[in-house]
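The values are calculated or read from the model by the stated rules, or taken from the named source; none is laboratory data. All of these numbers come straight from a predicted model, not from anything done at the bench. So basically every Cβ, Gly included, is an ideal-geometry build from the backbone, and we count neighbours across all protein chains shown. The accessibility values were calculated without ligands, DNA or RNA, using every heavy atom of the protein model including side chains. Shrake-Rupley method; radii C 1.70, N 1.55, O 1.52, S 1.80 Å.
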Amino acid sequence: MDRILVIGSSGQIGSELVMELRKNYGNNNVVASDIKPSPQDVMESGPFETLDVLDVHQLHSIVCKYKIDQIYHLAAILSGKAESEPLKAWNINMDSLMVVLELARTLKLKKLFWPSSIAVFGPTTPRHNTPQHTIMEPNTVYGISKLAGERWIEYYYNKYGIDIRSIRYPGLISYKTEAGGGTTDYAVEIFYEAIKQNAYECFLKEDTALPMMFMPDAIKATIDLMETDAANLSLRSSYNVAGISFTPNDVASEIQKHQPDFSISYKPDFRQAIANSWPKSIDDSVARKDWGLTNEFDLEAMSAKMLSEIKAKLG
Ligand code: NAD
Ligand code: SER
């Protein structure tokens with residue numbers, strides 16, 4: 001059984017991915033790590049290491065200590081936060097990737113996962129059914145770092161044969177861990193505020209369509225991609241994954257089916273310009289063909305689950 005290190009295990013994706021990987025690979029074979037503690041179930045079900053991914057020596061010693069075969073490198077600063085600290089975001093997003101790539105090369109690790117994002121696209125990209133290969137001129141620091149990262153992972157595959165795999169995640173929606181400062185975070189906040197206040201003030205305009213995905217589908221896609229035979233992969237940059245496209249108005253209407261008095265108001269901020277530069281919908285036919293991408297949840301099923309889980313969580 002391969003031994004896996006997850007970097008960024010306290011975040012929105014890491015906190016759920018670790019638990020799923022532990023089910024598949026065994027608790028002790030999946031080491032969680034982050035600069036801050038992870039949720040209780042992650043901390044208590046297997047090994048956890050406090051790690052700043054930019055600390056090359058510490059990362060090296062953790063990889064050797066646990067005889068790690070695969071790394072899932074999730075640590076990053078997301079789109080909204082990155083705009084307030086562009087150089088820090090570039091430093092964390094890019095330098096950490098280079099550290100992990102070099103470690104994989106020198107220690108001959110078996111496999112890496114590094115997520116990209118719909119943020120690699122920009123205002124000149126076709127916004128409907130955005131193809132896998134198209135114009136990519138991102139205008140956010142986060143998008144620029146993800147596009148540069150895609151070029152680097154492909155380079156390391158071509159030059160050194162490192163088996164690194166990647167998904168351009170759409171906005172991810174989950175109820176376990178709060179979203180970490182992205183432009184798509186409204187689609188998580190809205191469910192919390194629906195339960196807490198029966199009202200929400202949205203930082204994007206009502207008709208802003210973006211691609212999104214419910215976390216169980218994103219975790220399944222990630223593990224499916226990592227477990228597919230390498231021969232199935234026709235590209236080594238990052239795969240488009242479409243999920244479901246909807247607007248804030250669509251989510252509000254869905255919530256109103258459960259809570260007819262729920263009200264929404266709109267006060268767009270700087271994140272509106274970021275959202276305006278991203279695709280409204282994505283063509284993920286290459287991922288479906290290469291490694292059998294599927295997703296289970298539509299907006300209706302996801303909204304029902306979000307509301308019931310958050311209600312239970314908040315008591
Ligand atoms: P998040 O912000 O919730 O979690 C990131 C984690 O990284 C945090 O727990 C943070 O403490 C940790 N971290 C930050 N700096 C670190 C450092 N120097 N060393 C170690 N850990 C550090 O983010 P997320 O939503 O879980 O996203 C994970 C990855 O997926 C990121 O690369 C992100 O760009 C990508 N992604 C996320 C989404 C989404 O909607 N959540 C969409 C597209 C891509
Ligand atoms: N959900 C992410 C963000 O908004 C997309 O990568 O930053």
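For the stretch 157-200, filtered to residues that are open to solvent by 20 Å² or more (accessible area, probe 1.4 Å) and among the charged types (D, E, K, R), the residue that is modelled with the lowest pLDDT is Glu178. Can we say Ala179 is part of a helix (DSSP H, G or I), within 22 Å of Asn295 (Cβ to Cβ) and within 18 Å of the chain's Cα centre (by Cα)? Considered against the rule, which asks whether it is part of a helix (DSSP H, G or I), within 22 Å of Asn295 (Cβ to Cβ) and within 18 Å of the chain's Cα centre (by Cα), Ala179 comes out as no. Across the stretch 11-25, which residue is farthest from ligand 2 (Cβ to nearest atom) among those that are part of a helix (DSSP H, G or I), open to solvent by 30 Å² or more (accessible area, probe 1.4 Å) and in contact with a helix residue (DSSP H, G or I) (Cβ under 8 Å, 6 or more places away or on another chain)? Selected residue: Asn24. When you look at Ile264, is it open to solvent by less than 60 Å² (accessible area, probe 1.4 Å), over 29 Å from Pro131 (Cα atoms) and not in a helix (DSSP H, G or I), yes or no? Answer is yes for this residue.
When restricted to residues that are within 14 Å of ligand 1 (Cβ to nearest atom), part of a helix (DSSP H, G or I) and not charged (D, E, K, R), the stretch 64-83 contains 3.
Could you say whether any residue in the stretch 241-255 is more than 30 Å from Arg151 (Cα to Cα), assigned to a helix (DSSP H, G or I) and within 16 Å of ligand 2 (Cβ to nearest atom)? So far as the stretch 241-255 goes, yes, one or more of its residues are more than 30 Å from Arg151 (Cα to Cα), assigned to a helix (DSSP H, G or I) and within 16 Å of ligand 2 (Cβ to nearest atom). Only residues that are over 18 Å from Thr247 (Cβ atoms) and not basic (Lys, Arg) were counted across the stretch 278-300, and they come to 12. Entry remark, the stretch 30-52: residues being open to solvent by 40 Å² or more (accessible area, probe 1.4 Å), part of a helix (DSSP H, G or I) and in contact (Cβ under 8 Å) with a residue 12 or more places away in the chain number 1 in total. Considering only residues that are within 13 Å of ligand 1 (Cβ to nearest atom) and among the polar types (S, T, N, Q), look in the stretch 138-153 and name the one that is surrounded by the most Cβ atoms within 10 Å (Cβ to Cβ). Ranking the candidates gives Ser145 first. You will find that of Arg105, Arg127, the residue that is more than 10 Å from ligand 1 (Cβ to nearest atom), among the basic types (Lys, Arg), under 22 Å from Thr184 (Cβ atoms) and out of contact with any Asp or Glu (no Cβ under 8 Å at 6 or more places or on another chain) is Arg127 and no other.
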